[in-house]
Amino acid sequence: MDVKPETIWNLLISGEKYPQWNSTITMFKGTIKQGEIIKLKSYLDDKRTFKLKVKEYIPNKKLVWGDTMGKRTFLIQAYNNGVIFSMSETIGGPLFPLFSKMIPPFDEAFEKFTNDLEIEAIKQCT
């Protein structure tokens, strides 16, 4: 992406705006800050509200949120005149085998999230 890390970071931490630009999030409540609890719904299961804690908050570099079952990590790295953005999900824990078959694949959602983020970041820079 030909944008600054700050642009990506500001989009990531403005959760209340997710439903406006992010086709994977249908509802978002809370403030994305270290230690805060956020609530969101995904298009993958609009009946389920995910209650997540912001576990790491390193401005313009790293954001991690999750619960006892897993965490999602967003990494931002400046590169030349642009940004390398990555997102990963780690799921596990002692109860994971009981729920593993109910968890849908994230590949499509990750691709949509990343594409939506890129489109919005480019809009912000024009």
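Only a single item in (1) modelled with pLDDT of 95 or more; (2) in a strand (DSSP E or B); (3) not β-branched (Val, Ile, Thr) is not met by GLU89, and it is number (1).
Per the listing ILE32, ILE37, ILE25, the residue uniquely surrounded by 13 or more Cβ atoms within 10 Å (Cβ to Cβ) and within 17 Å of ASP116 (Cα to Cα) is ILE25.
Screening segment 48-72 for residues that are among the β-branched types (Val, Ile, Thr) and farther than 20 Å from ASN10 by Cα and picking the one that is surrounded by the fewest Cβ atoms within 10 Å (Cβ to Cβ) gives THR68. Within segment 24-38, being out of contact with any Phe, Trp or Tyr (no Cβ under 7 Å at 6 or more places or on another chain) and either more than 27 Å from GLY82 (Cβ to Cβ) or hydroxyl-bearing (Ser, Thr, Tyr) (or both) holds for MET27, LYS29, GLY30, THR31, GLY35, GLU36, ILE37.
Going through (1) over 25 Å from LYS123 (Cβ atoms); (2) out of contact with any Asp or Glu (no Cβ under 8 Å at 6 or more places or on another chain); (3) without any contact (Cβ under 8 Å) to a residue 40 or more places away in the chain one by one, LYS53 falls short only on (2).
The values are calculated or read from the model by the stated rules, or taken from the named source; none is laboratory data. Predicted, not measured: the structure shown is a model, and the values here were computed from it. Reconstructed Cβ throughout: ideal geometry from the backbone, glycine too, with neighbour counts over all protein chains shown.
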